[in-house]
């Protein structure tokens, strides 16, 4: 009987240890969320512009998982403007991503990856014979940590991602960066419907600038550049594959700086974007 009691005692101790570690992991993941989400939203500028758009998005993601916790993912994301108040409807963006993941424990996942970002050619770009194609190509590197906790009928998660966007064209470094560093904080929940092949979900994401040029900063500090929220449902069609139907609303804010060389004049334009998107993504996990 002693070995049995000892075994049960070890299981109890392990369970207690796990229950203590989970909230600690979630707290550590949220260290970056609080200070950057409290920035003020009062800005001063000479000119303001607004862009309203409706998008249709298609995507596919393929993930290979191994028992040692390693993961490999490849994804493609295509976005089309059905309506755009600034330009004519057109192909807007594509994101091709290669991502490596690792789960050291069940409720923590680490990711590192690369994304090739191609910006669609709008009417201005198409009409310009001198346009540099490099203006529409971006390279992206990212590292993220995701903490999650599963209840009986729901799963909550918090993801913190540091992202580096690299331009391939020449820019005026006083007006904009060749390398942009962003912090993306996402929190959400996924609901489990017993006996049904569907999982409704909801998430909110804040994107913060970390190295905006001096003239773009607000009162000498960084600012929130995007707020995104998405609601959708994942429908499992086979044991390994699923479809994701969603609606996303995005609010984007950009401080566009134009410095006149002759007069030394600095012009600031606040550009705001409101995008409504409907999307369908395909996922395959094996």
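Please treat every number below as a calculation from the coordinates, not as lab data. Since the structure is predicted, the reported quantities are computational estimates derived from the model, not experimental observations. Backbone-built Cβ (ideal geometry, glycine too); neighbour counts: all protein chains shown.
Annotation: for a label point projected 7 angstrom from Cα along Cα→Cβ of residue 51, residues of the range 226-256 with backbone N closer than 14 Å are 226, 250-256. Taking every DSSP beta bridge that has both ends in the range 31-285, the antiparallel portion is near 90%. Legend: ranking of residues 167, 161 from fewest to most surrounding C-beta atoms inside 10 Å; resulting order 167, 161. Here the relative contact order of the range 31-285, from alpha carbon pairs under 8 Å that lie six or more residues apart, stands at 19 percent.
Using R₀ = 41 Å, calculate the FRET efficiency as 1/(1 + (r/R₀)^6) where r is the Cβ-Cβ separation of residue 82 and residue 105; round to 0.05. Before the final figure, lay out each step's value.
Numbers: r = 43 Å, r/R0 = 1.04.
Efficiency computed from Cβ-Cβ geometry: 0.45.
Each of 148, 94, 170 has some number of other Cβ atoms within 10 Å of its Cβ, and from fewest to most they run 170, 94, 148.
Tell me, in nm to one decimal, what length is gained between residue 58 and residue 174 on full extension, where the rule is 0.36 nm per residue of separation less the Cα-Cα distance?
Numbers: separation 116, 0.36 × 116 = 41.76 nm, distance 3.64 nm.
My answer for the length gained is 38.1 nm.
The spacing between the range 72-102 and the range 171-208, judged by their C-alpha centroids, is 14 Å. Taking other Cβ atoms within 10 Å as a rough exposure proxy, 62, 223 sort from fewest to most as 62, 223. Under the simplified labelling scheme, the residue 149-residue 247 pair shows an inter-label distance of 3.0 nm, with each label point 7 Å from Cα along Cα→Cβ.
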